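Below is one structure, written out as structure tokens; comments come after it.
The values are calculated or read from the model by the stated rules, or taken from the named source; none is laboratory data. Model, not experiment: these values are computed from the prediction. Cβ atoms come from the backbone with ideal geometry, glycine included; neighbour counts cover every protein chain shown. SASA here: full protein model, heavy atoms, side chains in, ligands and nucleic acids out. Shrake-Rupley method; radii C 1.70, N 1.55, O 1.52, S 1.80 Å.
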Amino acid sequence: MNLTRKIGLDTELVPSLVKYYTTRPSTIQIATRDFLCVLDVLDSNPESEKICRAFFEKILGEKSVMKLGLGLKGDVSKLKS
């Protein structure tokens with residue numbers, strides 16, 4: 001039996017009109033088999049940013065959680081910045 005937990009992650013970036021200019025995420029989507037959450041991170045305040053950062057550091061660093069998503073490497077680098 002595979003006991004690995006799986007989550008789906010995706011980010012949507014703030015649009016940019018400058019070629020090769022990377023922007024920060026505007027929304028973050030997290031999904032499990034039974035749960036879906038879409039976070040609007042553009043309007044966040046310092047306290048909610050602190051909570052979100054701690055949450056994502058915990059999730060992204062957890063080896064027993066399989067992270068799924070297209071372009072996930074880029075999404076993870078955006079979340080870490």
Keeping to region 1-35, report how many residues are modelled with pLDDT of 80 or more and surrounded by 10 or more Cβ atoms within 10 Å (Cβ to Cβ). 17
For the subset of region 36-58 comprising residues that are acidic (Asp, Glu) and outside any strand (DSSP E or B), which member is least open to solvent (accessible area, probe 1.4 Å)? 49
Those residues of region 59-75 which are open to solvent by less than 60 Å² (accessible area, probe 1.4 Å), hydrophobic (A, V, I, L, M, F, W, C) and modelled with pLDDT of 85 or more, in sequence order: 65
